[in-house]
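J.: First the structure, which I've put down as structure tokens, then a few questions once you've had a look.
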Amino acid sequence: MRVLMTGIAGFAGSYLAEYLLGGDLHAPIELHGVIHRHDTRIHHLVDRMVLHRGDLRNALWVNDLIEEVRPDVALHLAAWSDVGGSWEQPWTVYELNIQCQLNLLEGLRRRRPACRTLVVTSNEAYGLVHSEDLPIGEETPFRPNNPYGVSKCTQDLMALQYWQSHRLPTLRVRSFNHIGPGQSDDFVASAFARQLAEIEAGLRPPVVKVGNLEAERDFTDVRDVVRAYWLLAQQGEPGMAWNVGSGEAHSVRWLLGTLLELTTADVTIEQDPARMRPSDIPRSVCNNARLVQSTGWQPQISLRDSLRDMLNGWRAALAHTGAPQPGARQA
């Protein structure tokens, strides 16, 4: 089976690549990955896949890529994924997230119309949810409240349109918050873990900067998330959408408290206005019944273990280099 993955050098993409090449799947995978800038996260896998370096904004290059690879399955993970940064550069997030997917779907429609195509969107498409919307189901209306969410709504609806108009077998996954070792510190749990690791190493004062600690989110380990992606790519019904998340909410304060239990550092907590988002919602948690019923998926890694692995990842990175792990907004 030939699989084409965009965003293979990103956070989730690198874990999905590792999963596909892990040898536990029933059928062998010939994996082709698209990279644009860095491939640091997948250095240990490069001799087991074929990498294609290029820009998904270049439609001619994308067409040639699809003609060369002729994939059976396409996994579209490439995206600008920094919600906070999307406020500062809204056009960049629109261009990267919308144009790149359009070029990919057009190329597949023209050259591989039977290719099963998984498009990763986000719970940020739901945006401003109300208490009566919880837990969030796939029929909950889109009310995006940041530029990143707008781009994800567009990606989701575009994938649906290609199924309805062209019968390109698209599958849409709306991922809720996922965490794990190697995540960029643009994201809250990793930002806390990095600060604690640096404090332990004596690289910063014993003060942890925080934003809104009361927000509650549906967090899942990235290794469980990518298993769900592949299960849906294999078993999902084209044209459908699935929430991917644990179905449980934890507060940001709980994340911080758990990390504090795992550290040796004695720290002070200090609120940083710069870490407060212009628009935020108090609570977000998904109804994952459709995913569970479609695939039998269940999370296997506890959040405490995920946070421990994340903190240990930052510790190891600092011990080896004295510098933070690489993390790019665009994969």
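J.: Percent of Cα-Cα pairs more than 21 Å apart in the stretch 191-331, please. Working shown, then result.
T.: Values: 5308 of 9870 pairs.
Roughly 54 percent, rounded to a whole number.
J.: Can I ask one more? How much of the accessible area of the stretch 1-108, in percent, comes from carbon and sulfur atoms when a 1.4 Å probe is used? Before the final figure, lay out the partial values.
T.: Numbers: 2340 of 4550 Å².
Accessible surface attributable to carbon and sulfur in the stretch 1-108 totals 51 percent.
J.: Could you work out the percent of alpha carbon pairs in the stretch 120-217 separated by over 17 Å, rounded to a whole number? Please list the in-between numbers first.
T.: On the way: 3046 of 4753 pairs.
Roughly 64 percent, once rounded to a whole number.
J.: What are the semi-axes of the equivalent ellipsoid of the stretch 25-69, taken as the square roots of 5 times the eigenvalues of the Cα gyration tensor, listed largest first and rounded to whole Å?
T.: Details: eigenvalues 86, 49, 9 Å².
Working through the eigenvalues yields semi-axes of 21, 16, 7 Å.
J.: In a shell of Cβ-Cβ distance under 11 Å around Ala249, excluding Ala249 itself, what net charge do Lys and Arg (+1) and Asp and Glu (-1) give? Please list the in-between numbers first.
T.: Values: positive: Arg217, Arg283; negative: Glu216, Asp218, Glu248.
Result for the neighbourhood of Ala249: -1.
J.: Can you tell me the length gained on complete extension of the stretch Ser165 to Thr40, counting 0.36 nm per residue apart and subtracting the Cα distance?
T.: On the way: separation 125, 0.36 × 125 = 45.00 nm, distance 3.83 nm.
Difference between extended and current length: 41.2 nm.
J.: Using the 2.2 N^0.38 Å rule of thumb for compact globular proteins, work out how the chain stacks up: its C-alpha Rg over that value, please.
T.: On the way: Rg = 19.3 Å, N = 331, 2.2 N^0.38 = 20.0 Å.
Normalised Cα radius of gyration, the chain: 0.97.
J.: Here's something else I'd like to know. Assuming a viscosity of 0.692 mPa s and a temperature of 37 °C, what translational diffusion coefficient in µm² per second does Stokes-Einstein assign to the stretch 1-84, Rh being the Kirkwood radius over Cα pairs? Could the numbers behind the result be given before it?
T.: Numbers: Rh = 13.1 Å.
D, rounded to a whole number, is 251 µm²/s.
J.: Using only Cα atoms, find the angle between the long axis of helix 252-262 and the longest principal axis of the chain, and express it within 0 to 90 degrees, rounded to the nearest 10.
T.: 70
J.: Given N residues in the stretch 226-282, what is its alpha carbon radius of gyration divided by 2.2 N^0.38 Å? List each step's numbers first, then the result.
T.: Working: Rg = 18.1 Å, N = 57, 2.2 N^0.38 = 10.2 Å.
For the stretch 226-282, the normalised Cα radius of gyration is 1.77.
J.: Return a whole-number percent for the relative contact order of the chain, with Cα pairs under 8 Å and 6 or more residues apart as the contact set. Present the calculation step by step, with values, prior to reporting the outcome.
T.: Numbers: 673 pairs, mean separation 67.0, N = 331.
Over the chain, the number comes to 20 percent.
J.: Could you check the simple spin-label distance between Arg204 and Arg57, using points 7 Å along Cα→Cβ, in nm with one decimal?
T.: The modelled label-to-label distance comes out at 3.1 nm.
J.: Continuing with this model, one more query. Of all the accessible heavy-atom surface of the stretch 142-287, with the other protein chains kept in place and a 1.4 Å probe, what percent is carbon and sulfur? Don't skip to the end; give the middle numbers.
T.: On the way: 2710 of 5600 Å².
In the stretch 142-287, the share of accessible area belonging to carbon and sulfur is 48 percent.
J.: State, to one decimal in nm, how far the label point of Gln300 lies from the label point of Gln235, with both points 7 Å from Cα in the Cβ direction.
T.: The modelled label-to-label distance comes out at 1.3 nm.
J.: What residue among Leu157, Ser190, Pro206 has its Cα farthest toward the positive end of the dipole of the stretch 145-232, where the charges are +1 on Lys, Arg and -1 on Asp, Glu, each on the Cβ?
T.: Farthest towards the positive pole: Leu157.
J.: Next up: Considering only C-alpha atoms, what is the centroid distance from the stretch 40-54 to the stretch 157-175, in Å?
T.: Each part's Cα centre sits 28 Å from the other's.
J.: How big is the charge dipole of the chain about its Cα centre, in debye rounded to the nearest 20, if each Lys and Arg gets +1 on its Cβ and each Asp and Glu gets -1 on its Cβ?
T.: Numbers: 32 positive and 38 negative charges, 145 e Å.
Dipole about the Cα centre, nearest 20: 700 debye.
J.: Run a plain Debye calculation on the stretch 102-154 (Cα atoms as equal point scatterers, no solvent) and give log10 I(q)/I(0) at q = 0.18, 0.27 Å⁻¹, rounded to two decimals, same order as the q list.
T.: Ignoring solvent entirely, the Cα scatterers give -0.67, -0.97.
J.: So what is the accessible area of the chain per residue, in Å², with the probe set to 1.4 Å? Intermediate values should be presented prior to the final figure.
T.: On the way: 13870 Å² over 331 residues.
With all protein chains present, the chain gives 42 Å² per residue.
J.: What is the local net charge at Leu307, summed over the other residues whose Cβ is closer than 10 Å to its Cβ (Lys, Arg +1; Asp, Glu -1)?
T.: Values: positive: Arg304, Arg308; negative: Asp221, Glu261, Asp305, Asp309.
Every neighbour counted, the sum reads -2.
The values are calculated or read from the model by the stated rules, or taken from the named source; none is laboratory data. All figures in this text were calculated on a predicted structure; none of them were measured in a lab. Methodologically, a virtual Cβ is constructed for each residue, glycine included, from the backbone with ideal geometry; neighbour enumeration extends over all protein chains shown. The area values use the complete protein model at the heavy-atom level, side chains included, leaving out ligands, DNA and RNA. Shrake-Rupley method; radii C 1.70, N 1.55, O 1.52, S 1.80 Å.
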